[in-house]
Amino acid sequence: MTLLVDKPVASALNRVPDVTVDFWLIKVMAVTMGETAADYLAVDLGLGLTVTSLIMTGVLIAALVLQFAQKRYVPWAYWLAVVLISIVGTLVTDNLVDNFGVRLETTTIVFSILLALTFAVWYLSEKTLSIHTIFTTRREIFYWLAILFTFSLGTAAGDLVAERFDMGYLATGLIFGGVVALIALGYFRLGLNGILAFWLSYILTRPLGASFGDLLSQPVEYGGLGFGTTFTSLIFLGCIVALVLYMTLKKASDEADEILIEND
């Protein structure tokens with residue numbers, strides 16, 4: 001059953017942020033860092049995929065416990081969970097491909113099916129896939145499950161295009177960036193459904209960000225610019241922290257303005 005709540009109340013209760021330019025900027029940075037941080041932990045630190053996956057899954061679970069405890073949108077808690085789920089989503093796909101020998105074509109198809117099933121069950125249960133009404137625990141569970149599958153799917157699709165089809169990191173990033181631009185055009189000019197446009201963009205910004213992350217971090221002989229995973233991860237982490245701080249201050253300012261308006 002769809003819950004009916006006045007728009008201002010729904011906005012206050014919603015546990016995820018509004019979709020703004022800030023949202024997309026930090027999302028792309030988060031997925032870029034997810035790609036490079038996963039490589040840094042598994043390869044540069046020598047932890048390996050299995051150990052890295054176990055450690056980061058435990059950290060992600062702790063972050064999601066914090067996120068679910070908020071019962072509202074708190075920028076630092078939300079974006080911490082996004083960064084960590086980006087890393088874990090990447091590791092899930094990397095484990096399937098590198099440790100278990102699953103083909104990238106197979107992982108792309110499987111995660112597409114899992115994401116479609118998540119959306120189907122979510123819609124049958126809640127009668128909506130809107131991210132503007134994530135104010136119950138059940139809806140938030142569906143939301144984060146969908147987010148996990150978008151990251152795993154985006155990783156598989158991005159690697160498939162960049163590596164299996166031998167397109168290279170730059171070309172792959174430009175391809176996915178072009179598709180995202182077409183989706184934006186469809187939404188703003190051609191009447192594409194907002195929910196469909198959001199989730200398609202969310203999926204495709206994963207390989208977009210990861211491709212540019214690999215372009216910056218990978219050695220020159222592998223088609224990258226050779227900045228390394230440590231430097232690239234730190235740069236994007238700094239940008240993410242700055243944006244989250246900005247969002248936190250902006251949210252506090254907006255809430256203070258709302259209180260003043262109510263008191264008037």
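Residues being free of Cβ contacts under 8 Å to residues at least 60 places away in the same chain, farther than 20 Å from F151 by Cβ, crowded, with 16+ Cβ neighbours inside 10 Å and of a type in the set (A, V, I, L, M, F, W, C) are represented in the stretch 187-197 by at least one member. Scanning the stretch 110-130 for residues that are open to solvent by 50 Å² or more (accessible area, probe 1.4 Å) and under 27 Å from G48 (Cβ atoms) yields V110, L114.
Checked against (1) part of a loop (DSSP other than H, G, I, E, B); (2) modelled with pLDDT of 90 or more; (3) open to solvent by less than 40 Å² (accessible area, probe 1.4 Å), S201 meets all criteria but (1). Listed by first and then second residue, the pairs linking a residue in the stretch 82-98 that is of a type in the set (D, E) to a residue that is in a helix (DSSP H, G or I) and open to solvent by 10 Å² or more (accessible area, probe 1.4 Å), with Cβ atoms under 7 Å apart and 6 or more places separating them unless they lie on different chains, are D94/L49; D98/L49.
Counting only residues that are more than 19 Å from V82 (Cβ to Cβ), outside any helix (DSSP H, G or I) and either within 15 Å of the chain's Cα centre (by Cα) or touching a residue at least 60 places away in the same chain (Cβ under 8 Å) (or both), how many does the stretch 103-153 have? Matching residues across the stretch 103-153 total 3. In the stretch 83-102, what residues are part of a helix (DSSP H, G or I) and either surrounded by fewer than 16 Cβ atoms within 10 Å (Cβ to Cβ) or on the phi > 0 side of the Ramachandran plot (or both)? Scanning the stretch 83-102 gives D98, N99.
Quick one: in the stretch 171-183, of everything that is aliphatic (A, V, I, L, M) and open to solvent by less than 40 Å² (accessible area, probe 1.4 Å), which residue is farthest from S130 (Cα to Cα)?
Once the filter is applied, the top-ranked residue is A171.
When restricted to residues that are of a type outside the set (G, A, S) and open to solvent by less than 60 Å² (accessible area, probe 1.4 Å), the stretch 232-249 contains 8. The condition of being of a type in the set (D, E, K, R), assigned to a helix (DSSP H, G or I) and crowded, with 18+ Cβ neighbours inside 10 Å holds for only one of D254, D214, that being D214. Restricting the first member to the stretch 209-229 and to residues that are at positive phi, and the second to residues that are in a loop (DSSP other than H, G, I, E, B) and crowded, with 16+ Cβ neighbours inside 10 Å, the beta-carbon pairs closer than 6 Å and six or more apart or on different chains are G223/G168. If only residues of the stretch 20-75 that are within 19 Å of the chain's Cα centre (by Cα) and of a type in the set (D, E) are counted, the one that is farthest from Y143 (Cα to Cα) is D39. Modelled with pLDDT of 90 or more, surrounded by fewer than 20 Cβ atoms within 10 Å (Cβ to Cβ) and either of a type in the set (A, V, I, L, M, F, W, C) or not in a helix (DSSP H, G or I) (or both): does that describe L66? Against the criterion (modelled with pLDDT of 90 or more, surrounded by fewer than 20 Cβ atoms within 10 Å (Cβ to Cβ) and either of a type in the set (A, V, I, L, M, F, W, C) or not in a helix (DSSP H, G or I) (or both)), L66 qualifies.
Say whether the condition of being closer than 24 Å to G101 by Cα, touching a residue at least 60 places away in the same chain (Cβ under 8 Å), among the acidic types (D, E) and open to solvent by 10 Å² or more (accessible area, probe 1.4 Å) is met by at least one residue in the stretch 157-164.
Restricting attention to the stretch 157-164, the residues satisfying the condition of being closer than 24 Å to G101 by Cα are 157-164.
Add one more test, that the residue is touching a residue at least 60 places away in the same chain (Cβ under 8 Å), and what stays is 159, 164.
In the following step, the residues that additionally are among the acidic types (D, E) were identified as 159.
Right, trim to open to solvent by 10 Å² or more (accessible area, probe 1.4 Å) and you get 159.
Yes: the stretch 157-164 contains one or more residues that are closer than 24 Å to G101 by Cα, touching a residue at least 60 places away in the same chain (Cβ under 8 Å), among the acidic types (D, E) and open to solvent by 10 Å² or more (accessible area, probe 1.4 Å).
The values are calculated or read from the model by the stated rules, or taken from the named source; none is laboratory data. Treat the numbers as computed from the prediction; the structure is a model and nothing was measured. Neighbour counts run over all protein chains shown; Cβ positions are idealised from the backbone, glycine included. Ligands, DNA and RNA are excluded from the accessible area calculation, which covers all protein heavy atoms including side chains. Shrake-Rupley method; radii C 1.70, N 1.55, O 1.52, S 1.80 Å.
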